[in-house]
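Trainee: Handing you this structure, nothing more for now.
Readers should treat all values here as calculations from the given coordinates under stated rules, not as data from a laboratory. Everything numeric here is computed off the predicted structure, so don't read it as measured data. Every residue, glycine among them, receives a Cβ derived from its backbone with ideal geometry; neighbour counts consider all protein chains shown.
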Amino acid sequence: MDVLIGAGVLAATIRLATPVALAALGGVVTERSGVVNIALEGCMLVGAFFGVFAADRTGSLPAAIAAAVVAGILLAAVHALAAITFRADQIVSGMALNILALGLTSYLDYQLYSTTGTPSTIPLVPNVHLGFLENAPVLGGAIGDQSAIVWATLAIVVLLQLFLFRTVPGLRLRSVGEHPRAADTLGIDVRRTRYWAVLASGALAALGGVYLSLSVAGSFSDNMTNGRGFIGLAAMIFGRWTPVGALGAALVFGYGDALSVSLQGVKVAGVEFPVQLLSTIPYLLTVLAVAGFVGRSRMPAADGQPYESEGH
Amino acid sequence: MALETPIVEMRGISKRFGELQALADVDLTVHRGDIHALVGENGAGKTTLMNILYGLYRADAGTTRIRGNEARIAGPRDAIHLGIGMIHQHFMLVPPLTVAENVVLGDERGGPLLDRRGIEARVSELEARFGIRADPSAKIEDVPFGVQQRVEILKVLYRGSEILIFDEPTAVLTPQEVDDLFQIVRTLRGEGKTVILITHKLREVMAVSDHVTVLREGRNAAQLVTTRTTPAQIAVAMVGRELREIAARSGTPGDVVLEVSGLTAPSDRGGPALKGIDLGVRAGEIVGLAGVGGNGQSELAQCILGLRDASAGVIRVGGVDVAHDDPHRTRRRGVAYVPEDRRVEGLVLPFSVAENFILGKQDRAPYARRGILRADAIRREGARLATEFDVRPADPDIEVGSLSGGNQQKVVLGRELSESPKLIVANQPTRGLDIAATEYVHERLLDQRSRGCAILLISSELDEIRDLSDRIAVMFEGRILAVLPASEATEDRLGLLMAGHVEAVGERSGTSPA
Ligand SMILES: Nc1ncnc2c1ncn2[C@@H]1O[C@H](COP(=O)(O)OP(=O)(O)OP(=O)(O)O)[C@@H](O)[C@H]1O
Ligand SMILES: [Mg+2]
């Protein structure tokens with residue numbers, strides 16, 4: 001039973017879901033405004049690297065997180081420029097930036113840390129110990145000792161949900177993603193709204209990256225995000241473009257991931273469980289989600305469409 | 001009245017789009033508290049002129065005065081500021097948002113938090129003042145066109161507009177909704193608002209307007225006072241010639257070509273769209289299918305074409321069951337289709353006129369040989385059809401998307417009618433078309449009828465149905481309530497049936513299929 005819902009599996013689920021959730025939240029913000037940003041993978045990767053880099057150089061955790069977020073925002077800004085101002089193909093731009101991010105971080109990592117590995121002395125994101133849960137059976141182990149970023153993610157989910165559906169700027173952002181011309185004729189600045197959304201998505205994905213490097217791993221390694229940005233986009237679809245849904249989807253993916261670890265070596269009816277197959281579950285779920293098999297999800301009507309205002 | 005400063009005064013407005021002179025030295029004078037009709041054929045420049053007034057386009061030349069003061073309107077924001085509001089031809093509403101959210105969007109007032117209740121209360125208040133009914137908490141995607149349009153009106157009223165521009169507001173409305181709209185427009189006039197109304201329907205011009213400005217090919221053709229003019233006079237100014245009377249119907253229908261019995265089919269949302277349809281159309285006969293949009297007419301057309309799967313029932317064309325055929329096979333049996341929305345279903349807008357003419361036949365000689373398209377054959381046929389169907393300009397290489405609505409429709413007709421079909425299913429064939437283009441489409445359909453073609457004509461225009469049909473079937477909530485001979489289909493009777501009042505069928509005619 002423990003391998004299915006034990007504290008260890010649940011804690012791993014949360015750990016594995018967090019970076020995916022952050023990327024998914026970034027996806028929700030940008031796609032709700034009508035811009036597809038697959039460069040979230042790259043934003044995450046530069047976040048992971050520059051977090052470690054700044055932590056190494058400054059020794060300060062706040063500076064490290066700030067540097068990571070700024071790196072994610074800068075990469076997203078390039079995408080915004082291409083997609084919004086120059087109305088370039090959003091998939092091509094996003095993919096190019098992913099390749100750029102991979103090359104850049106691998107190169108810098110090689111130049112700076114190839115001999116020693118990333119330093120082990122860098123400040124890491126602390127865990128939050130919930131002492132009062134110490135003796136609670138499953139819960140204590142699952143959430144009693146999680147990274148501060150996990151809790152921050154939870155807060156972001158709530159705030160983002162409120163922002164999108166309960167505030168005026170949120171209403172405007174959604175209108176821009178659904179019907180930019182209507183928003184434009186009502187005096188809402190479509191381009192500016194989309195810029196903000198894309199930049200915010202870069203920041204969120206970068207936070208996911210910093211979680212991987214400065215909370216889970218304590219170091220940087222090449223391509224350490226390993227497609228989590230893309231899984232995040234699947235979680236966004238699975239979660240029907242809402243922050244709460246995206247979090248739920250990320251947890252499902254995280255659980256699938258966690259199982260493929262915990263079921264390693266477990267025998268069912270005398271046969272060893274095929275973990276290799278199990279580890280494909282998150283990806284299988286992703287394909288199903290993207291293909292629209294899981295519920296009827298409707299994407300923002302103007303998602304991925306460049307907008308050109310009419311004034312001549 | 002002559003002494004009062006006009007609320008809108010546009011002088012010498014010109015606008016070019018590339019090679020095309022869309023407006024040349026156009027004047028428009030509108031008085032406060034008037035309903036001013038702006039009429040003209042497709043492409044005459046009506047929308048362009050209004051887009052300039054609303055700041056969406058900038059004029060190349062000319063001046064605009066609002067309440068006597070020269071105005072520089074660089075964008076919608078300036079226009080809104082001057083009290084100008086536009087109800088667009090294609091609605092500018094955000095479907096997943098509510099009525100109230102759409103009304104206040106961009107001017108929500110109050111703090112950054114979205115005060116749903118406050119917003120809905122404000123919208124209700126506005127509705128009460130102008131006699132407009134729409135549930136503020138309903139989502140736009142769930143309400144019919146008529147209500148969506150009221151939301152557009154509320155939007156501009158909410159922003160304090162004094163001058164309301166309506167661009168073809170009645171094109172997508174049912175007769176009842178048109179009546180409601182004109183009631184609202186009159187209330188607006190009563191409240192001192194000024195209304196500029198673009199329409200193709202002379203009946204509407206005569207019914208509600210005070211003044212009329214006629215444009216033809218981007219120039220002023222006439223400025224008239226409604227009470228001192230006639231529809232014929234306006235038509236002459238619009239078209240530059242007298243209109244023809246529709247030829248009287250004659251001839252006896254032949255064999256049954258289309259036979260539908262017990263047809264049921266689901267709608268896109270899952271519920272039943274068709275609940276047991278029985279209908280027959282004979283050779284040389286036009287059967288009009290009247291009804292308020294959304295009562296299953298389009299689904300019936302789609303079933304006949306094979307675009308939608310029936311859940312039960314039989315569809316026979318010339319005796320052959322086509323219920324399970326795909327559109328390609330159905331078409332090969334001689335069924336032509338004029339779809340409801342030419343821009344979405346009827347044409348590939350970025351393709352040339354010639355390419356659109358041969359869509360669906362591109363795999364056959366002479367347009368293709370061994371799988372390779374033959375550009376010269378396609379162009380030759382395109383040029384021939386463009387001339388035959390009076391597409392203007394008659395250039396086979398021009399992009400279809402750049403043609404006016406009427407000329408786009410001629411391309412659809414040219415493709416569908418050129419192969420001597422046995423059956424034509426025409427869904428709203430004249431929607432959005434000007435009177436000359438409408439006349440043209442009607443003549444082509446009547447030609448086909450005389451040739452012995454069976455025609456199922458779906459339209460929400462009662463006049464069109466009554467002018468063309470030999471028999472009229474009225475659809476309501478997925479059923480055919482009655483089939484009347486044209487001679488017995490008075491407007492009142494049709495109106496009642498369209499609203500679901502079966503007792504209006506009368507004793508003489510039943511619901512016999514053929
Ligand atoms: N943005 C544009 N670019 C190029 N040509 C345009 C543009 N807008 C309008 N035109 C052309 O200008 C002419 C006038 O168009 P406009 O839309 O004003 O006509 P209209 O009178 O509103 O016609 P309709 O009754 O079909 O709506 C047409 O020939 C049209 O093709
Ligand atoms: Mg127009």
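Trainee: Magnitude of the Cβ-charge dipole of the protein assembly as shown, K/R +1 and D/E -1, about the Cα centre, nearest 20 debye?
Mentor: Details: 79 positive and 89 negative charges, 131 e Å.
Here the size comes out at about 640 debye.
Trainee: If you stretched the chain out fully between A:L74 and A:D2, how much longer would it get, using 0.36 nm times the residue separation minus the C-alpha to C-alpha distance?
Mentor: Values: separation 72, 0.36 × 72 = 25.92 nm, distance 4.35 nm.
Fully extending the segment from A:L74 to A:D2 adds 21.6 nm.
Trainee: Computed FRET efficiency, Cβ-Cβ of B:D467 and B:R16, R0 25 Å: what is it to the nearest 0.05? Mind dumping the intermediate values first?
Mentor: On the way: r = 38 Å, r/R0 = 1.53.
The pair B:D467/B:R16 has a calculated efficiency of 0.05.
Trainee: Using the number of other C-beta atoms within 10 angstrom as an exposure proxy, rank A:V271, B:V348, B:V8 with the fewest first. The partial results should precede the final answer.
Mentor: Details: A:V271 7, B:V348 13, B:V8 23.
Ascending Cβ contact count within 10 Å gives the list A:V271, B:V348, B:V8.
Trainee: If I require 15 Å or longer along the helix axis, counting alpha carbons, and a Kyte-Doolittle average no lower than -1.0, what helices from chain B are left? Use full DSSP H segments. Numbers along the way, then the final one.
Mentor: On the way: long enough: B:116-130 (21 Å, -0.72); B:145-158 (19 Å, 0.49); B:175-190 (23 Å, -0.37); B:375-388 (19 Å, -0.69); B:405-417 (18 Å, -0.58); B:435-451 (24 Å, -0.80).
Length and hydropathy pass: B:116-130, B:145-158, B:175-190, B:375-388, B:405-417, B:435-451.
Trainee: Still on this structure: Residues with beta-carbon under 10 Å from that of B:D325, excluding B:D325: net charge, scoring Lys, Arg +1 and Asp, Glu -1?
Mentor: +2
Trainee: Taking Cα atoms of the stretch B:348-418, Rg/Rh with Kirkwood Rh, to two decimals? Before the final figure, lay out each step's value.
Mentor: Values: Rg = 11.2 Å, Rh = 11.7 Å.
Rg divided by Rh gives 0.95.
Trainee: Rounded to the nearest 20 Debye, what is the dipole magnitude of the stretch B:348-418 about its Cα centre when Lys and Arg each give +1 and Asp and Glu each give -1 at the C-beta? Each step should come with its number before you reach the end.
Mentor: On the way: 11 positive and 10 negative charges, 63 e Å.
It comes to approximately 300 debye.
Trainee: Another one. Take B:K361, B:K46, B:K275 and order them by how many other Cβ atoms sit within 10 Å, fewest up front.
Mentor: Working: B:K361 17, B:K46 27, B:K275 14.
With the sparsest Cβ surroundings first, the list reads B:K275, B:K361, B:K46.
Trainee: Then there is this: Quick check: pseudo-label points 7 Å beyond the Cα along Cα→Cβ at B:S487 and B:R116, how many nm apart are they?
Mentor: Taking the two extended label points, one gets 5.9 nm.
Trainee: Under 19 Å from a label point 7 Å along Cα→Cβ of B:R72: give me every residue in the stretch B:36-60 with its amide N that close.
Mentor: B:52-60
Trainee: Same structure, new question: 7 Å from Cα along Cα→Cβ at both B:R329 and A:A88: what's the point-to-point distance in nm?
Mentor: 4.8
Trainee: Moving to a separate point now. Connecting C-alpha atoms closer than 10 Å in a GNM of chain A, tell me which of A:S60, A:S215, A:S175 has the biggest fluctuation.
Mentor: Per the Cα network of chain A with a 10 Å cutoff, A:S60 tops the list.
Trainee: For chain A, find the longest principal axis of its Cα atoms and tell me its angle to the long axis of helix A:7-32, 0 to 90°, nearest 10.
Mentor: 10
Trainee: Mind giving me the nanometre distance, one decimal, between the label points for B:V348 and B:T187, set 7 Å out from Cα along Cα→Cβ?
Mentor: 4.8
Trainee: Put +1 on the Cβ of every Lys and Arg and -1 on every Asp and Glu Cβ in the protein assembly as shown; which of A:V69, A:P274, B:A24 then has its Cα farthest towards the positive end of the dipole?
Mentor: Selected residue: A:V69.
Trainee: Choose one answer from A:R172, A:R192, A:R181: the residue with the largest mean-square fluctuation in a GNM of chain A with alpha-carbon springs under 10 Å.
Mentor: The residue that fluctuates most here is A:R192.
Trainee: With every atom except the alpha carbons ignored, what do you get for Rg and Dmax of the stretch A:181-295, in angstroms?
Mentor: Considering the stretch A:181-295 through its Cα atoms, Rg and Dmax are 18.5, 68 Å.
Trainee: Find the relative contact order for chain B and round it to a whole percent, using C-alpha pairs within less than 8 Å whose residues are 6+ positions apart.
Mentor: Over chain B, the number comes to 14 percent.
Trainee: Can you give the helix-only mean residue ellipticity at 222 nm for the protein assembly as shown, where every DSSP H stretch with n ≥ 4 adds -39500 (n - 2.57) and the sum goes over all residues, rounded to the nearest 500 deg cm²/dmol? Provide the component values of the computation, followed by the final result.
Mentor: Working: 30 runs with 363 residues, N = 826.
So the helix-based figure for the protein assembly as shown works out to -13500 deg cm²/dmol.
Trainee: Next question, about the same structure. Provide a whole-number value for the mean count of partner chain Cβ atoms within 10 Å of the Cβ atoms in peptide A:178-191. Don't skip to the end; give the middle numbers.
Mentor: Details: counts 6, 10, 1, 3, 13, 4, 5, 14, 12, 9, 3, 0, 0, 0.
For this peptide, the per-residue mean of nearby foreign Cβ atoms is 6.
Trainee: For chain A, modelled as a GNM with alpha-carbon contacts under 10 angstrom, which of A:F165, A:F49, A:F132 fluctuates the most?
Mentor: A:F132
Trainee: For B:K139, give me every one of the lysines with a C-alpha distance below 25 angstrom, ignoring sequence neighbours fewer than eight places off in its own chain.
Mentor: B:K155
Trainee: Now for a different question. Using only the alpha-carbon atoms of chain A as identical scatterers, what base-10 log of I(q)/I(0) does the Debye formula give at q = 0.09, 0.16 Å⁻¹?
Mentor: Debye curve over Cα of chain A, log10 I(q)/I(0) at q = 0.09, 0.16 Å⁻¹: -0.46, -1.30.
Trainee: For the charge dipole of chain A, defined by +1 on Lys and Arg C-beta atoms and -1 on Asp and Glu C-beta atoms about the Cα centroid, which residue among A:A246, A:P123, A:V168 has the Cα displaced farthest towards the positive pole?
Mentor: Toward the positive end, the furthest listed residue is A:V168.
Trainee: Which peptide among B:259-271, B:394-406 comes first, and what is the full order, when sorted by highest mean count of other Cβ atoms within 10 Å?
Mentor: Numbers: B:259-271: 14.8, B:394-406: 18.1.
Per-residue Cβ counts within 10 Å, averaged per peptide and sorted highest first, yield B:394-406, B:259-271.
Trainee: Using a Förster distance of 25 angstrom, determine the FRET efficiency expected from the C-beta separation of B:R109 and B:D135, and round it to 0.05.
Mentor: 0.75
Trainee: For B:76-82, what's the mean count of beta carbons from other chains sitting within 10 Å of each residue's beta carbon?
Mentor: Values: counts 6, 3, 0, 1, 3, 1, 0.
Counting other chains' Cβ atoms within 10 Å and averaging over B:76-82 gives 2.
Trainee: If the only charges are +1 at each Lys and Arg Cβ and -1 at each Asp and Glu Cβ, what is the size of the charge dipole of the stretch B:10-155 around the Cα centre, to the nearest 20 debye?
Mentor: Dipole of the stretch B:10-155, to the nearest 20 debye: 340 debye.
Trainee: Please list, or write none, the lysines whose alpha carbon is within less than 30 Å of the alpha carbon of B:K410, excluding same-chain residues fewer than 8 places away.
Mentor: B:K15, B:K46, B:K201, B:K361, B:K422
Trainee: Right, here's the next one. Take the Cβ-Cβ distance between B:D390 and B:R203 as r, set R0 to 25 Å, and report the resulting FRET efficiency rounded to the nearest 0.05. If you can, show how the numbers build up before the last one.
Mentor: Details: r = 25 Å, r/R0 = 1.01.
FRET efficiency, B:D390 to B:R203: 0.50.
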